[in-house]
Amino acid sequence: MDRLLKLLFITCLLVSGAILTSAADGDKLSKGSQKECKKAVKRLKSENWTVNGGTKSIDQVMTEHFLALEQAGAGAFVIEGNGKASSANRAMNKAMTNAKSQYATMKESTVEGRTEVKVSNENSEEAATHATLDASYVSSTKQKVKEFTPTVMLYRQLSDDLFEARALYIVGSSNNHEE
């Protein structure tokens, strides 16, 4: 019995520590980010979203997300992937793939646009060299995308046999190897 009380006491300390840590993270956010975060949390809760895996609440996960976005700097932005499937895991995989595809397509379009401009402005030998470099950049970008880690992973059950998932990635941060 004494051992059970000690275990219960330690568990309470850990939970209260997690709550205090979350509150402390919220204090580090700018006022604008705090407002945005509170709006996002309120909306997500009203739409019945749940954090995928772990023991953190939506409040904690979104506070950490907004803090990471703020720390990533002015050039950082969020890519949101969405997916629907018959299980939460499949929906989450679709959401992560969707976000990565969006990013890769965006980067590939940028490189293709630069290549076309270079080709029209340079002689054929220089243009071929740039095209090869740009192709290797696209390949490198696709490899980096595989290493991306979502900052937020949420899901909700839409019906008995349909789940929706959302994965948020911060692009432009050192976490996601953005240049």
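The values are calculated or read from the model by the stated rules, or taken from the named source; none is laboratory data. Note that the coordinates shown come from a computational prediction; the quantities given were computed from them, not determined experimentally. Every residue, glycine as well, gets a Cβ built from its backbone with ideal geometry; the counts of neighbours run over all protein chains shown. Side chains included, ligands, DNA and RNA excluded: accessible areas come from the protein's heavy atoms. Shrake-Rupley method; radii C 1.70, N 1.55, O 1.52, S 1.80 Å.
A few comments on the model shown:
- Some residue of the stretch 68-76 being at pLDDT 65 or above, within 30 Å of PHE163 (Cβ to Cβ) and assigned to a loop (DSSP other than H, G, I, E, B): yes
- Residue ID - nearest to THR149 (Cα to Cα), chosen from residues in the stretch 56-71 that are touching an Asp or Glu at 6+ places or on another chain (Cβ under 7 Å) and touching a residue at least 40 places away in the same chain (Cβ under 8 Å): GLU64
- Residue in the stretch 138-169 that is least open to solvent (accessible area, probe 1.4 Å), counting only those that are of a type in the set (A, V, I, L, M) and modelled with pLDDT under 70: VAL145
- In the stretch 50-63, the qualifying residues are those that are open to solvent by 70 Å² or more (accessible area, probe 1.4 Å) and not β-branched (Val, Ile, Thr), and the one that is nearest to SER30 (Cα to Cα) is LYS56.
- Every test in (1) open to solvent by 60 Å² or more (accessible area, probe 1.4 Å); (2) free of Cβ contacts under 8 Å to residues at least 60 places away in the same chain; (3) in contact with an Asp or Glu (Cβ under 7 Å, 6 or more places away or on another chain) is passed by SER86 save one, and that test is (2).
- Out of ILE19, ILE10, sole residue that is open to solvent by 80 Å² or more (accessible area, probe 1.4 Å) and modelled with pLDDT under 50: ILE19
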